[in-house]
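Here's the structure we're looking at; comments come further down.
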Amino acid sequence: MAFRDLLNAAKQRIHEIDPADAEARLDDATFLDVREQDEYEQGTIPGAVFIPRGQLESQVENRLSDKDRPVVVYCAGGARSAFAADTLQQLGYQDVSSMAGGFGRWKNEGRAWVTPAVLSPEQRTRYHRHLLLPEIGEAGQQRLLESKVLLLGAGGLGSPAALYLAAAGVGTLGIVDMDVVDASNLQRQILHNVDRIGERKVDSAKKTLTQLNPDVDVVTYDVRLGADNILEIIDGYDVVVDGTDNFPTRYLLNDASLLARVPVVHGSIFRFEGQVTVFKPYEGPCYRCLLPEPPPPELAPSCAEAGVLGVLPGIIGSIQGLEAIKVLLDLGDPLVGRLLAYDALEETFRNFKVRRDPTCPACGPDAAPIVIAEYDDLCLPHATLADGSTTGH
Ligand SMILES: [Zn+2]
């Protein structure tokens, strides 16, 4: 059987539409570009999913999981897409069309196309192990490069989270920290080193992260996070990784993140134990659903200096980094509505269900409007009044 016969046989089994009919389906169908990388890089239909013909069978079910959603397949001239459409039908896709004349005819007829953002050869090498995962691939890596994560603290939790997020290619990392590197930090804060003692932590962090991955834009905030600046600082970030060690900042962050609707990956450590959870505003519980009021100072060990095993923040901070990437890429099941508790001495992880509290003073349906207010150093919140004003200094 010659190529012509094969193509004609495939075309008998599939549905072909011309570019005008394809264009009318831009909103309700997924466009699938099955050409090669170099063809794709020179131009494609806006919003199209790109899977080269040779990788179609192995990748398509991960990339287009809804087999009932219509698919319009195209290549350069309409031959490869005919074979691809035939294959998709065999895989169970219910509504597949091949675009006659392909991208060439689409473009000649003056229809919209774009030059897609693509990874440079250096980036393709650096992120090779991500590209091998169909769940991430080139599109996911692009998304990471366009993502912005804000880290509160360049300390024990922030160090591993920042290092892994930078290595993974999260394009913008904001870091808030007003401290200076101290020799006693080096037991666990692996962003820093002996040469940096006495240096601003944000500057030390920026040096380390830029050396690890020059793709990453590190934005530093050498300030105390407060009611006066938090909304401005978190604006524009996709996720906040909270590595703070005190209740006042956690409440402040909780309220601001609800207002700005930014998910927070929360982590905390104490002695030999750690916890991680993800607060997704109005979808899962918030920090106040779990702890409506800060505990009294004598029961709030994190407000005072407590001991901590050096490797522990490496584990908890790394999980925070991982959860941040899952949120950014809509990957798997992030720890929304779940609290992961780690005990280093037992070497156990436990999952606890945590639920939204319908009476939550911050995210509940009857909650008063959120007021961004300062909390004093004793970890006691100033009362928030229904009229929006606050008490105290
Ligand atoms: Zn809540």
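The values are calculated or read from the model by the stated rules, or taken from the named source; none is laboratory data. As the structure is a computational prediction, the values presented were derived from the model and not from experiment. With ideal geometry, Cβ positions are generated from the backbone for all residues, glycine too; neighbour counts draw on all protein chains shown. Each accessible area value is taken on the protein alone, full model and side chains, heavy atoms only, with ligands, DNA and RNA left out. Shrake-Rupley method; radii C 1.70, N 1.55, O 1.52, S 1.80 Å.
Descriptive notes on the structure:
- Some residue of the stretch 224-235 being under 19 Å from residue 367 (Cα atoms), among the basic types (Lys, Arg) and touching a residue at least 12 places away in the same chain (Cβ under 8 Å): no
- Residue in the stretch 351-359 that is within 29 Å of residue 167 (Cα to Cα), modelled with pLDDT under 95 and more than 19 Å from the chain's Cα centre (by Cα) present: no
- Selected residue [open to solvent by 50 Å² or more (accessible area, probe 1.4 Å) and modelled with pLDDT of 95 or more] from 105, 111: 105
- Scanning the stretch 200-227 for residues that are over 23 Å from the mean Cα position of the chain (by Cα), open to solvent by less than 20 Å² (accessible area, probe 1.4 Å) and not small (Gly, Ala, Ser) yields one hit, 201.
- Qualifying residue in the stretch 129-150 (condition: surrounded by fewer than 16 Cβ atoms within 10 Å (Cβ to Cβ), closer than 27 Å to residue 191 by Cα and of a type outside the set (A, V, I, L, M, F, W, C)): yes
- Residues that are of a type in the set (Asp, Glu) and open to solvent by 70 Å² or more (accessible area, probe 1.4 Å) are absent from the stretch 83-98 altogether.
- Among the conditions (1) surrounded by 18 or more Cβ atoms within 10 Å (Cβ to Cβ); (2) over 17 Å from residue 134 (Cβ atoms); (3) under 25 Å from the mean Cα position of the chain (by Cα), residue 47 misses just one, which is (1).
- Flag for residue 179 being open to solvent by 20 Å² or more (accessible area, probe 1.4 Å) and in contact with a Gly (Cβ under 8 Å, 6 or more places away or on another chain): yes
- Filtered by the rule that a residue be within 12 Å of residue 49 (Cα to Cα), charged (D, E, K, R) and in contact with a strand residue (DSSP E or B) (Cβ under 6 Å, 6 or more places away or on another chain), the stretch 8-35 gives a lone residue, 33.
- Across the stretch 332-346, a minimum of one residue is classified as open to solvent by less than 70 Å² (accessible area, probe 1.4 Å), of a type in the set (Asp, Glu) and at pLDDT 95 or above.
- The stretch 234-275: number of residues that are among the basic types (Lys, Arg) and either more than 15 Å from the ligand (Cβ to nearest atom) or open to solvent by less than 10 Å² (accessible area, probe 1.4 Å) (or both): 1
- Any hit, the stretch 292-311, residues being under 21 Å from the mean Cα position of the chain (by Cα), within 16 Å of the ligand (Cβ to nearest atom) and open to solvent by 20 Å² or more (accessible area, probe 1.4 Å): no
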